[in-house]
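These notes concern the structure reproduced below.
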Amino acid sequence: MPPLISQIAGWPQRVIDWLCSGRADYAAFQRRKATSAHRAGRTLCLLVWSGAAILMLLCPSPGCVATFVLIATFVSFTLLDERS
């Protein structure tokens, strides 16, 4: 990536880091995000959302879409919960 584009692309993370600097909960979140268990959970979330997207394409009615979105959201929250 050219330097200007990489600087522009990285500004949201720099702003969040600047706003949250010094907060213990943010530092703990950053450490937890780097663990292999969290990365594995994110991979499973990607698979869950991919499956939900396929189901949404197969059944595009609003009721089905809402159901798939809610189920995928709750499963993702469960997979990424730090207490598990």
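Look at the stretch 58-84: where a residue is under 15 Å from Leu46 (Cα atoms) and a partner is at pLDDT 95 or above and of a type in the set (Val, Ile, Thr), sitting 6+ places away or on another chain with Cβ atoms under 7 Å, you get Ala72/Val48; Val75/Val48; Ser76/Val48.
Results for (1) farther than 21 Å from Phe77 by Cβ; (2) among the charged types (D, E, K, R), shown as yes or no for each residue.
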| position | (1), (2) |
| --- | --- |
| Pro3 | yes, no |
| Gly10 | yes, no |
| Gln13 | yes, no |
| Asp17 | yes, yes |
| Gln30 | no, no |
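Taking first residues from the stretch 3-18 that are surrounded by 10 or more Cβ atoms within 10 Å (Cβ to Cβ) and partners that are not aliphatic (A, V, I, L, M), the Cβ contacts under 9 Å between residues at least 6 apart in sequence or on separate chains come to Ile16/Tyr26; Asp17/Tyr26; Asp17/Gln30.
The values are calculated or read from the model by the stated rules, or taken from the named source; none is laboratory data. All values reported here derive from a predicted model rather than from experimental measurement. Methodologically, a virtual Cβ is constructed for each residue, glycine included, from the backbone with ideal geometry; neighbour enumeration extends over all protein chains shown.
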